[in-house]
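Visitor: Structure in structure tokens, see below.
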Amino acid sequence: MSGPATPPSAPPRPPATAPPATPSAVRPGTRLRQTLVVVLAVASGATDAIGLLALGGAFTSVMTGNLVILGVSASSADGTLALASGGAILAFCLGAALGARLAGSPQPGDPVWPRAVTLGLVVELVLVAGYAAGWWVTGGEPGAALTLLLLGCMSAAMGVQSSVVQRFGVPGLSTTYLTGTLTTVVMRLVGGRGVRDVQHSLEILAGLVAGAAAGAGLLLLAPLAAPVLQLAGLGGVVAVAALVAPRR
């Protein structure tokens, strides 16, 4: 005699899945961060233009270019150019090391704009202010020794900025060495991505060009005002970050 019929078991439920993480592009404060990063790129462009045109002919953030200049100076036996490019490379490395110690690496649960980034940018602002003071004291015409010192200050500042920005943990994000950014833009556009997908990278590239144009223009038209763009840009980013970004 058979026992009572066993009711068919209910089909297994699919395992519950966690809701998808909010993309960083729509996290609160991301648009603010993107805007501030573009301003940093503007300051980088101005700094590089001033270093190249007025402080010994070396870059302050494009170390690939400085390595090439260093090689050229070795072949041409140009000691002045070697000192400028070599000194800029050394100062940049020291600044990058300092920025890395100040900002650290990305951490789980980091806000969109970690406070450590602001701290690093304050140090960068102090270095740029030191360059500005030396520039103004000499009437925009520093001697050979001071030129190297001011170039070193700005290169160290760019090194700090370069490493501090890495705390955001956004792959490919940079405000100084942008060859990789340009390459990524081209690859994504060729791969069928829309302009909107590379919009922020295009904004950074445009900011760098605009900053370089503005820095060069100030040197030509109002040399004593050359540091103003850098100080205003960095100071504005630090102020906004200190007042707004930590809350987001």
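Visitor: Here are some conditions: (1) out of contact with any Asp or Glu (no Cβ under 8 Å at 6 or more places or on another chain); (2) closer than 23 Å to residue 237 by Cβ; (3) not in a helix (DSSP H, G or I). Residue 61 meets all but one. Which one does it not meet?
Guide: (1)
Visitor: To continue, here is another question. List every residue pair whose Cβ atoms lie under 6 Å apart, where the two residues are 6 or more positions apart in sequence or sit on different chains, the first residue falls within the range 126-147 and is within 16 Å of residue 91 (Cα to Cα) and in contact (Cβ under 8 Å) with a residue 12 or more places away in the chain, and the second residue, located anywhere, is in a loop (DSSP other than H, G, I, E, B) and of a type in the set (A, V, I, L, M, F, W, C).
Guide: 147/55
Visitor: For the range 54-67, does any single residue satisfy the condition of being without any contact (Cβ under 8 Å) to a residue 12 or more places away in the chain and open to solvent by 60 Å² or more (accessible area, probe 1.4 Å)?
Guide: At the first step, the residues of the range 54-67 found to be without any contact (Cβ under 8 Å) to a residue 12 or more places away in the chain are 65.
Still in the list and also open to solvent by 60 Å² or more (accessible area, probe 1.4 Å): none.
For the range 54-67, residues without any contact (Cβ under 8 Å) to a residue 12 or more places away in the chain and open to solvent by 60 Å² or more (accessible area, probe 1.4 Å): absent.
Visitor: Have a look at 30, 35 and point out the one that is of a type outside the set (Phe, Trp, Tyr) and either under 16 Å from residue 177 (Cα atoms) or touching a residue at least 60 places away in the same chain (Cβ under 8 Å) (or both). Don't jump to the end; show me each part of the working.
Guide: On the way: 35 fails: either under 16 Å from residue 177 (Cα atoms) or touching a residue at least 60 places away in the same chain (Cβ under 8 Å) (or both).
Of 30, 35, the one residue that is of a type outside the set (Phe, Trp, Tyr) and either under 16 Å from residue 177 (Cα atoms) or touching a residue at least 60 places away in the same chain (Cβ under 8 Å) (or both) is 30.
Visitor: Could you say which residue among 107, 161, 166 is at pLDDT below 95 and within 21 Å of residue 202 (Cα to Cα)?
Guide: Working: 107 fails: within 21 Å of residue 202 (Cα to Cα); 161 fails: at pLDDT below 95.
Going through 107, 161, 166 in turn, just one is at pLDDT below 95 and within 21 Å of residue 202 (Cα to Cα): 166.
Visitor: In the range 96-117, what count of residues is obtained for those that are part of a helix (DSSP H, G or I) and either under 15 Å from residue 175 (Cα atoms) or of a type in the set (A, V, I, L, M, F, W, C) (or both)?
Guide: Selection size over the range 96-117: 9.
Visitor: What about residue 50, is it hydrophobic (A, V, I, L, M, F, W, C) and in contact (Cβ under 8 Å) with a residue 24 or more places away in the chain? Break it down stepwise before answering.
Guide: Details: hydrophobic (A, V, I, L, M, F, W, C): yes; in contact (Cβ under 8 Å) with a residue 24 or more places away in the chain: yes.
Criteria met by residue 50.
Visitor: Mind telling me which of the residues 81, 32 ends up being over 23 Å from residue 216 (Cα atoms) and either at pLDDT 95 or above or open to solvent by less than 60 Å² (accessible area, probe 1.4 Å) (or both)? Give the steps one after another, and end with the answer.
Guide: Details: 81 fails: over 23 Å from residue 216 (Cα atoms).
Among 81, 32, only 32 is over 23 Å from residue 216 (Cα atoms) and either at pLDDT 95 or above or open to solvent by less than 60 Å² (accessible area, probe 1.4 Å) (or both).
Visitor: For residue 162, indicate whether it is in contact (Cβ under 8 Å) with a residue 60 or more places away in the chain, open to solvent by 20 Å² or more (accessible area, probe 1.4 Å) and within 18 Å of the chain's Cα centre (by Cα).
Guide: Details: in contact (Cβ under 8 Å) with a residue 60 or more places away in the chain: yes; open to solvent by 20 Å² or more (accessible area, probe 1.4 Å): no; within 18 Å of the chain's Cα centre (by Cα): yes.
Taking the combined requirement at face value, the residue does not satisfy it.
Visitor: Also, I was wondering about something else. Between residues in the range 219-236 that are farther than 18 Å from residue 208 by Cα and residues that are exposed (fewer than 13 other Cβ atoms within 10 Å of the Cβ), which pairs lie under 9 Å by C-beta distance while being six or more apart or on different chains?
Guide: Close Cβ pairs (under 9 Å, with a partner that is exposed (fewer than 13 other Cβ atoms within 10 Å of the Cβ)) amount to 223/139; 223/141; 224/139.
Visitor: Yes or no: the range 113-133 includes at least one residue that is surrounded by fewer than 18 Cβ atoms within 10 Å (Cβ to Cβ), among the charged types (D, E, K, R) and closer than 21 Å to residue 43 by Cα.
Guide: yes
The values are calculated or read from the model by the stated rules, or taken from the named source; none is laboratory data. Please read all numbers here as calculations on a predicted model, not as lab measurements. For neighbour counting, all protein chains shown are included, and Cβ atoms are generated from backbone atoms with ideal geometry for every residue, glycine included. Note: accessible area is taken over every heavy atom of the protein model, side chains too, but ligands, DNA and RNA are not part of it. Shrake-Rupley method; radii C 1.70, N 1.55, O 1.52, S 1.80 Å.
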